[in-house]
Structure formats: structure tokens, C-alpha cells
Amino acid sequence: MLGRSGLSLTRGLLRRNNPLGFCSCYSKAKMSTVSKARRLEGVDKNIWVEFVKLAATYKTVNLGQGFPNFPPPDFVREAFVKTVSEKDTLMYQYTQAFGHPPLVTILAKFFGKLLGRELNPLDNVLVTVGAYEALFLCFQALVDDGDEVIIIEPYFDCYEPMTKMASGTPVFIPLRPKAAEDRKLMSSGDWQLDPEELEAKFTKRTKAIVLNSPNNPLGKVFSRKELELIARLCVKHNVLCFSDEVYEWLVYDGNEHVRIGKGSLTRWGRIPAPLGLWTPSISVCSCFDSDRVAQGSLH
């Protein structure tokens, strides 16, 4: 009874001093200082935030990010409207965490044809909210404290901070320009890896290499020969390949996008691969501008 009376007295005093009641006891309280996790040191800045801020401040065109000037295809919008118009409450329940079963089934068939393999929709396909999340999950799930991750320069800005967030160590190797033949203008294809330099980056601490083809920002489409080199080194050193292929449909001028996870009869040791690479690879692919899929084999 004493406790209840004390509580009533406290409420009365608060109401007398502040019509808003309990809000007053928090308004004067000091906010505690929360320190960020050490893994965020050096990765708390983002170039895209800077671009958006500068574009808004100076009223300029933002060329830092993609802004589509066309709507999604009609069949996508129609399917979306049909789905959200359903009155069956079963349509609005939690679904399988790795992806809605009908969706992963279709994706397994689609990418299975592209990879020349039969994919198990429940084991080989993971649907994420954007390729960014797919990549983040790769690093968080597979890169451990002290692991090294080889990153090919130039690279999309998220690879380095994602490596550090997972307590890994980024190891960089540049694409080096080679003089074009017959006085032709240089193209992105003239930027190549040095095979010996690349092999020297593989150590006993190497856990993964990040491959981005077509490359952002260079636009380079890696050739079959270059992919065979990367695959051979991955198999030799038991290293994962995070293959970022979100621009796979944007290939021009007679170039061919070769998937490093595509099956073939080539064999190095006991591992069949595209290039010899299936078991230690994850492909991050894009279905639509706003829908990303991470699919691969981790056994």
C-alpha cells in the first residue's frame, strides 16, 4: 500500500510541475555516451552519403549513383499489385527465411540453366534485400578474425569496409593498364591482372578473393583466361571466391560475361569447375534493379 501511495504522490508532483507528466523526468536527464564498436573504426564514412549531401547542397546532378528514368516492366507491377491485393491472410505470413519457396524454386531453375548445373532451391539459393546485404552476409558468415581477403583494384567501395567489419584484413592487387595495340584507344579490357603478382597475394591466411565482373567502376569484363587463373589459384589454395555479378546483363561491344561458377568438364585436382570452380564460390546476381540474389555452393 505504501508503494502505491508513493507512486501516486510522485505522479501528482510531476503533473503539477509539468502537464505532460512523466516526460519531464526524461527531458532533463543527461544522455549517456555510447561508444561505437572497435570494428567500425575507419569504416564509418560513406562516399554515397557525401555525394547525396553535395548534390543537395549545390543543386547539382548526382552522377554518383544510378537513378532510373523508367518504371519497372508492366508484368512486375501487375504481379506486385495482384499479390498485395490478395485477401487470403496466408499471403501475409512469415515465409522461409532464405527466400519464398516459389521464388527460390524459379531462381534455381533460371540460374541452373546459366550455370549448367542442377541447383537445389533450398540449399543453393539465398534471396536478400539487395546485393549489398548479400555481400555483407558473405563476409560476416565466412571471414573470421585475421583472415585475409584479396580485393582487386579499382573496386566498389563496400568490399574494404565489409572485410574490416568481419575483422578480416584486406589485401589489394591492382589491375594494371597495358598499351593498346596498333595505336588503338585503350579500353577497360586493357586493364589486366599480373599472374605472378596475383599468385603472390595468396597466403596461408587468405580466406577469399572478391571478383567483380563486369567491374564497377572500370567496366572491365574479365576474360575466360583471367577467370581460369583466379579459379586455379582458389582451388590450389582452398580459397573462396565472392563473385559479384550484379552487372552481368550490362555487357556490350561483343564482350561475353563468363560465370566463374559455371560447370564444365575441366578438372583441377578433384574439383570440377567452370573454370574449375564450384564448391568454393558464391555468386551474387541481380534479377531486377531492386531485387538481388546470392546463390552458390558452400559444401
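The values are calculated or read from the model by the stated rules, or taken from the named source; none is laboratory data. These figures come from a predicted structure and were not determined experimentally. Ideal geometry is used to build each Cβ from the backbone, glycine not excepted, and the neighbour counts take in all protein chains shown. All accessible areas refer to the heavy atoms of the entire protein, side chains included, with ligands and DNA or RNA removed. Shrake-Rupley method; radii C 1.70, N 1.55, O 1.52, S 1.80 Å.
Checking every residue in the stretch 79-100 against the condition of being surrounded by 19 or more Cβ atoms within 10 Å (Cβ to Cβ), among the small types (Gly, Ala, Ser), touching a Ser or Thr at 6+ places or on another chain (Cβ under 9 Å) and farther than 30 Å from ALA200 by Cβ gives at least one match. Considering the stretch 101-113, the residues that are aliphatic (A, V, I, L, M) and within 30 Å of PRO161 (Cβ to Cβ) include one that is most open to solvent (accessible area, probe 1.4 Å), namely LEU103.
Rundown of residues vs (1) closer than 24 Å to CYS158 by Cβ; (2) open to solvent by less than 20 Å² (accessible area, probe 1.4 Å); (3) touching a Lys or Arg at 6+ places or on another chain (Cβ under 7 Å); (4) hydrophobic (A, V, I, L, M, F, W, C), yes/no style:
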site: VAL210; (1), (2), (3), (4): yes, yes, no, yes
site: VAL221; (1), (2), (3), (4): yes, no, no, yes
site: ILE230; (1), (2), (3), (4): yes, yes, no, yes
site: LYS236; (1), (2), (3), (4): no, no, no, no
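Looking only at the stretch 199-236, residues that are in a helix (DSSP H, G or I) and either under 24 Å from PHE136 (Cβ atoms) or touching a residue at least 40 places away in the same chain (Cβ under 8 Å) (or both) come to 9 in all. Among the residues of the stretch 46-66, those identified as within 23 Å of LEU218 (Cβ to Cβ), over 20 Å from the mean Cα position of the chain (by Cα) and not in a helix (DSSP H, G or I) are VAL61, ASN62, LEU63. Considered as a group, the residues in the stretch 147-179 that are open to solvent by 30 Å² or more (accessible area, probe 1.4 Å) and small (Gly, Ala, Ser) include one that is modelled with the lowest pLDDT, and that residue is ALA179. Within the stretch 238-249, residues that are open to solvent by less than 10 Å² (accessible area, probe 1.4 Å) reach partners that are hydroxyl-bearing (Ser, Thr, Tyr) with beta carbons closer than 7 Å, at six or more positions or on different chains, in the pairs VAL239/THR206; CYS241/SER281; SER243/SER281; SER243/SER283; GLU245/SER213; GLU245/SER283.
Going by the structure shown, is GLY6 at pLDDT below 85 and farther than 30 Å from THR163 by Cα? Yes: the conditions hold for GLY6. Here ASP74 clears all of (1) modelled with pLDDT of 90 or more; (2) in contact with a Phe, Trp or Tyr (Cβ under 9 Å, 6 or more places away or on another chain) except the condition numbered (2). Residues of the stretch 124-146 that are open to solvent by 30 Å² or more (accessible area, probe 1.4 Å), in a loop (DSSP other than H, G, I, E, B) and touching a residue at least 24 places away in the same chain (Cβ under 8 Å): VAL129, ASP144, GLY146. One residue stands out among those in the stretch 90-120 that are without any contact (Cβ under 8 Å) to a residue 60 or more places away in the chain and charged (D, E, K, R): the one that is nearest to GLU245 (Cα to Cα), which is LYS113.
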